[in-house]
Amino acid sequence: GAKGIVVDTRYGLADVSNFFTAIQTPDSIGTTPSLGQLDVAVIAGTEAGKTQVDTVSPISASGTKLVYKLGDSAESVSYDDALTSGWSALHLDTDITATAGQVITVAEVLTTGSRARKAGSATVVVA
């Protein structure tokens, strides 16, 4: 038969076979997205006073970029924060000037608007 098909001469055919999977469930209505977690690994840089971010995971395939900020402690980041002022583009395995004991916070942000989606931090290691 025509399972999932409703026939009504006033309105024609309507496919309702995915009705219960296509609607929002009560537990998904009004939920606020949360900031994802990044695992950040650092290594000593190639020169004295330098560090490098060796790996960051997991990162999205496209539509995002990595940024970083150095400080005395991890930077507080919330989902959808615009990370522009004081944040720099991160290039893995590239020397960054830092001081032993500083914390580097890495965030994955949208390419357009630099809105935070994930973040993580690590204590820097310098050469």
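The values are calculated or read from the model by the stated rules, or taken from the named source; none is laboratory data. The model shown is predicted, which means the values in this text are computed figures rather than measured ones. Note that each Cβ is placed from the backbone with ideal geometry, even for glycine, and that neighbours are counted across all protein chains shown. Please note that ligands, DNA and RNA were not included when accessible areas were found on the heavy atoms of the full protein model with its side chains. Shrake-Rupley method; radii C 1.70, N 1.55, O 1.52, S 1.80 Å.
Of the residues screened, Ala98 is not one that is surrounded by 17 or more Cβ atoms within 10 Å (Cβ to Cβ), within 16 Å of the chain's Cα centre (by Cα) and of a type in the set (Gly, Ala, Ser).
Residue pairs whose Cβ atoms lie under 7 Å apart, separated by 6 or more positions or on different chains, with the first residue in the stretch 73-88 and over 16 Å from Leu38 (Cα atoms) and the second in a loop (DSSP other than H, G, I, E, B) and not basic (Lys, Arg), are Ala82/Gly113; Ala82/Ser114; Thr84/Ser114. The set of residues from the stretch 87-97 being out of contact with any Phe, Trp or Tyr (no Cβ under 7 Å at 6 or more places or on another chain) and either of a type in the set (Asp, Glu) or in a strand (DSSP E or B) (or both) comprises Ala89, Asp93, Asp95, Ile96, Thr97.
Let's see how each residue does on (1) in a strand (DSSP E or B); (2) more than 19 Å from Thr46 (Cβ to Cβ):
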site: Lys69; (1), (2): yes, yes
site: Ser73; (1), (2): no, yes
site: Ser76; (1), (2): no, yes
site: Asp80; (1), (2): no, yes
site: Thr99; (1), (2): no, no
site: Ile104; (1), (2): yes, no
site: Ala107; (1), (2): yes, yes
site: Ala122; (1), (2): yes, no
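So is Gly120 touching a residue at least 12 places away in the same chain (Cβ under 8 Å) and open to solvent by less than 50 Å² (accessible area, probe 1.4 Å) or not? It is true that Gly120 is touching a residue at least 12 places away in the same chain (Cβ under 8 Å) and open to solvent by less than 50 Å² (accessible area, probe 1.4 Å). Scanning the stretch 41-62 for residues that are in a strand (DSSP E or B) and touching a Leu at 6+ places or on another chain (Cβ under 8 Å) yields a count of 6.
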